[in-house]
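**Q** Below is the structure I would like to discuss, written out as structure tokens.
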């Protein structure tokens, strides 16, 4: 089977990484690096590369050697570029966020589905060994029912010209939620508070609360202004709690057998005063060994495997749309004094249950 | 001058610490440890102590050798105990929260003021070397205008029988805000999201947003269910940013000359395109040396000095009331889907400015 | 059974801790705090204590209510004070080092043995939950044969007037070795390099190598001049490796299933080239939960239990003498260009085996 | 000026890094990757490269387009490969250690000098921003006289087939010493203790003491068997102390104004008792901002600049030979029970001073 001919679109921040990963992926042959600034594309490729540099997206799409494109351009251009690629019969890998609106994302997902082409979102974190282990630990029941999630993703970051901090950083956290949560636990409502204390014209820090259908609360803190880099996610379960500290290679993932339990009803009935009985677990902590594997190589492997096996990728356009729905609701909430916004995609039954469960757990 | 005769009320979690600090304070002579459980009080004192153990609060208040009381009983008892002490002419140091409601707190503050007695809130953190340095760094202008504050105070904590996690832990963060912020920056509005995923009957984790009168956003995460202990506060300023990591003795306080700046208006006018210009500071970080001093000893020193000098203590009843107002607003918000609640004490002019500034900065 | 009447001798750095621990130990009744500076003793006790303060050691030893003494005076005074106490029929707990020479230590051990009195060394670290777990992990075979030990104990410390850094800090590490190593693994030889770069008149930093009878090498770095505090011990085993980081409460003890293995002989014979085959284990890491228990309370509990049960304590005078032998050999080596010194106590057979095993493993 | 034609020799562990760095260096044009295993070389280059892959070193040296070679083969091959390259008139960059013996290294240095060619050792760490700042801090006098150096470089490492852990890892530390120490502070003597607890046939852990001409003691701990990775160097100075923690990006370099001082002689004379007076500095800590620059790119830049400017590189063959002398002395010491070995290169006067200064500082 011949390798998949790929063109990378965009030679800015992320494009060079896609170039490097594509070159290192045996199932892929990199044909083009396309950027409006051809000089930049050439510089990324270096002087000893046979890959073509071009500024013509049309030429790339017209090249029959190109089977697939990987798009790493500003979010505002995604819709047109993805649509053109799909219409040219090319499979597409696209950076997050899929598009600037859920409606556009849904349209692209529909086009891809109709045409039988792979449309994959580069939700890179979902392909890290840590997140894949987290998904296993949750879905296998090892940590028990998910009770709360707290994610912090802050550092001194580039103030993006086209998106605010929510749309720049929160897609990582939301795609991890989408990927890792059990099938039957769905986001239901969102609230967000945002701030632009430097007058950048867009939010530079934001707090996002996501209520889940099982009553749990997830929370995300994203911030471009923090002098220190923190990337921590705590996933509290009824039986164990995971702490993922992505900047600490020595103990990136910890599974704590520590927590607070409420005693069961049977025991409680013996208590005449009916007071809630609490017990504490203070057991061992396990740091699971994780394979050393670069996430972007796994992204490329999944993209090429989905094309070859003619199947949806793990992080397909639907996943991208679900993330967009949460982002849109967050932006709406932030613009409305933090009012809670019920997600449009929530099935009526789930929304009713949530409403019946009462406000805040 | 003879030492101040003190009685400690309550031999539970915090009382023994007050006993130890009182014994170590030269200006104070500990007379009584009072607890409904006299055995417990005796055990705290040990077999070689001359301090009296009693279960009679009346007897303590009737003892002319007692000039002041330090109250470390459950919050629900504070109002009656403090009122009785003030009416008996005793100075009072009381644990946080001052009372379960701001209205009660205001009443106690009024009684203390009328009677010329010291009523001090034990906002212990305000007496740590770290927080005192933070206050200096802010109020001296060293970090510039405060732009954002993010505080995390989470660990596997005791689920309290009488208060939720907001009222248990957030008083620390809110009293630090109250103590450290410049005089002219006031909290204006509050929103909170809370969760009780273990069914304890009260919130075990909560997120609190506090909007400040200068447009900055402060945020507090408190949580009893986290297997790891995190106590970090980031105070972002226009010129520098402070990171306080209270569990890291090696670099408890860091002042970063790192951040994001918007270029000034004059420079911007030269820019015809009027786009926002961003620059980044990536300067050195300073870890200021902090004295090794136990906060509770400083609390006792301040309490005795306020009595001797007949002046209000640094953390007086007014400070306690301001913290209560924020806690009440947070509880109201959490019970209302996280709706933003304007603080009752906000002066009309400030509220107007805040409303005019628009929703979320 | 009435409590044991105890006198604490010395109100300097460590004495107040012994006072506090004695008061908190039910089996003990503190009778006296004895110091040449009576004012200091009184200040340590505080104004509300019934414990006597005295500067007369004779009076303490003459008091029939005193069954035992705990000595926390400079090392140079230990021999006379301990001897007098034993001759007065008192049990003795003494700070490390037991005496300034192994010969003196042996004499005291002999006196205690003849008189049937408890003579216990306060090797405090042996009573920490971490070291007790380490001993279990080693002696149960969980980590396999001990292959190497590396201990670092450095911080900005007090330059002691009477002892150098080896005699001040290394007793901790050496007593842990003595306590934790399996019965059949004995220290055999010692070498030490020391430095006094500030001209203090005694070594302020030192490196100590200890060869063990099973061929393993232990190494200790002690340093008074380091601006940062490090207290780490790595105990490498054939099957697992323990890392103890005493300043990191979040992961004080870690048991790593990581390491390098040589393939077994059977497998190797299949290799015609006879080259050494190496394999790597990169398994999980376990952070065992440790009880929260103050070591000094366990010291007091062991001291009183040994008295009551008329048995040698866990860290008896013999243990103290073994530590002194290593310290003496280290001082001798440091004064001899770091020449390797065979320990005097080494049994001839073990010394022969070690010599036969060749120089450096 | 045309770019320098370069051939990289060796496509094993380090070669691919040299390839990548060469491609990213404008002044260099990569012509060949040479390895006995041509397939491996081709795989490293990837399918889209125009660089040639060959297994013929002769062909590379015969190619007039090749001006320089970068050698990343096992240490045992360095002498022959470097000599052949120099004799063919090529400039040479060679991995550490320069050769397996100082005598061979001296010979190569002589050949290079006579022929006017650049012979540079890839002492990569000397080109990190951290080490360059350390050199500045030392040589500018900012930390005062160097008093002690402690370096730890341990992790679960590859047991090398051709060199022991001293020759594998200690070249890093020794080249940093050679690079960073002031001109007038020279290593004088060396002692080493090594262990092979797994029976690998070569030392897997080692402790190395290096006495400096100013009386200071440097110490290096290298270890292939540690489950955790530690790369820390403490450089104690009379005025300040540097702590370099290479695995901690948040505070890689810290300059502590903390330490122990002896009071000056004048002050001391006023003291009749002539006791040594000690004082403690507990000032602030500064974390200098470091540029983000990959060391290997700086290595390539220095190599090409030295060729173009016809000057010795910062880390020339002489530096390589000085490191080899220390390694040889360390091996000799380890094979002699840790006896102290005076360095052969030590000038007689320095050796005399050192001997006169007495054994251990």
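The values are calculated or read from the model by the stated rules, or taken from the named source; none is laboratory data. Note that the structure is predicted; figures quoted are calculated from it, not measured. Using ideal geometry, Cβ is built from the backbone for each residue, glycine included, and neighbour counts are taken over all protein chains shown.
**Q** Among the numbered criteria (1) facing chain D (nearest Cβ under 8 Å); (2) within 15 Å of residue C:153 (Cα to Cα); (3) modelled with pLDDT under 95, which single criterion is violated by residue C:258?
**A** Unmet condition: (2).
**Q** State yes or no: is residue B:98 part of a loop (DSSP other than H, G, I, E, B) and either touching a residue at least 12 places away in the same chain (Cβ under 8 Å) or assigned by TED's automatic domain parsing to the domain that holds residue B:21 (or both)?
**A** Working: part of a loop (DSSP other than H, G, I, E, B): yes; either touching a residue at least 12 places away in the same chain (Cβ under 8 Å) or assigned by TED's automatic domain parsing to the domain that holds residue B:21 (or both): yes.
When the stated conditions are applied, residue B:98 passes them.
**Q** Under 6 Å between Cβ atoms, which residue pairs at least 6 apart in sequence (or on different chains) link something in segment D:109-132 that is over 18 Å from residue D:4 (Cβ atoms) with a partner that is modelled with pLDDT of 95 or more and in a strand (DSSP E or B)?
**A** Listed by first residue and then by second, the contacts come to D:130/D:244; D:130/D:253.
**Q** Could you pull out the residue among A:7, A:22, A:53 that is assigned to a strand (DSSP E or B) and under 25 Å from the mean Cα position of the chain (by Cα)?
**A** Values: A:22 fails: assigned to a strand (DSSP E or B); A:53 fails: under 25 Å from the mean Cα position of the chain (by Cα).
Going through A:7, A:22, A:53 in turn, just one is assigned to a strand (DSSP E or B) and under 25 Å from the mean Cα position of the chain (by Cα): A:7.
**Q** If I go through segment C:278-305 residue by residue, how many of them are buried (at least 21 other Cβ atoms within 10 Å of the Cβ), over 14 Å from the mean Cα position of the chain (by Cα) and more than 30 Å from residue A:254 (Cβ to Cβ)?
**A** So the count comes out to 3.
**Q** Against the condition under 21 Å from residue C:233 (Cβ atoms) and surrounded by 22 or more Cβ atoms within 10 Å (Cβ to Cβ), how does residue D:165 come out, does it pass? So that I can check it myself, show each step before the final result.
**A** Working: under 21 Å from residue C:233 (Cβ atoms): yes; surrounded by 22 or more Cβ atoms within 10 Å (Cβ to Cβ): yes.
So residue D:165 fits the description; yes.
**Q** So, one more: Please go through segment A:55-70 and give me each residue that is buried (at least 18 other Cβ atoms within 10 Å of the Cβ) and under 16 Å from residue A:37 (Cβ atoms), ordered by number.
**A** Listed by number, the residues that qualify are A:57, A:60.
**Q** Could you grab the pairs with beta carbons closer than 6 Å, sequence gap of 6+ or different chains, first residue in segment A:75-88 and at pLDDT 95 or above, second one part of a helix (DSSP H, G or I)?
**A** A:79/A:104; A:82/A:108; A:86/A:111; A:86/A:112; A:86/A:115; A:88/A:61
**Q** Checking residue B:172 against (1) free of Cβ contacts under 8 Å to residues at least 40 places away in the same chain; (2) under 23 Å from residue A:230 (Cβ atoms), which test does it fail?
**A** Just one mismatch for residue B:172, condition (1).
**Q** To continue, here is another question. Take residue D:109 and tell me if it is assigned by TED's automatic domain parsing to the domain that holds residue D:88 and either in a helix (DSSP H, G or I) or more than 23 Å from residue C:238 (Cα to Cα) (or both).
**A** Details: assigned by TED's automatic domain parsing to the domain that holds residue D:88: yes; either in a helix (DSSP H, G or I) or more than 23 Å from residue C:238 (Cα to Cα) (or both): yes.
When the stated conditions are applied, residue D:109 passes them.
Yes/no matrix, rows are residues, columns are (1) in a helix (DSSP H, G or I); (2) touching a residue at least 12 places away in the same chain (Cβ under 8 Å); (3) more than 10 Å from every other protein chain (Cβ to nearest Cβ):
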{"site": "D:18", "(1), (2), (3)": "yes, yes, yes"}
{"site": "D:31", "(1), (2), (3)": "no, yes, no"}
{"site": "D:39", "(1), (2), (3)": "yes, no, yes"}
{"site": "D:44", "(1), (2), (3)": "yes, yes, yes"}
{"site": "D:47", "(1), (2), (3)": "no, no, no"}
{"site": "D:60", "(1), (2), (3)": "yes, yes, yes"}
{"site": "D:66", "(1), (2), (3)": "no, yes, yes"}
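**Q** So how many residues does segment D:319-361 have that are modelled with pLDDT under 70 and at the interface with chain C (Cβ under 10 Å from one of its Cβ atoms)?
**A** Qualifying residue count for the region: 4.
**Q** Also: Please enumerate the residues belonging to segment C:219-248 that are closer than 29 Å to residue D:237 by Cα, more than 7 Å from chain D (Cβ to nearest Cβ), surrounded by fewer than 24 Cβ atoms within 10 Å (Cβ to Cβ) and in contact (Cβ under 8 Å) with a residue 60 or more places away in the chain.
**A** Passing the criteria: C:229, C:230, C:231, C:232, C:244, C:246.
**Q** Looking only at segment B:168-197, which residues are in contact with a helix residue (DSSP H, G or I) (Cβ under 6 Å, 6 or more places away or on another chain), farther than 15 Å from residue B:345 by Cα and surrounded by fewer than 24 Cβ atoms within 10 Å (Cβ to Cβ)?
**A** B:172, B:179, B:182
**Q** Hey, can you tell me all the residues within segment A:133-168 that are free of Cβ contacts under 8 Å to residues at least 60 places away in the same chain, away from chain B (no Cβ under 14 Å) and closer than 26 Å to residue A:109 by Cβ?
**A** A:135, A:139
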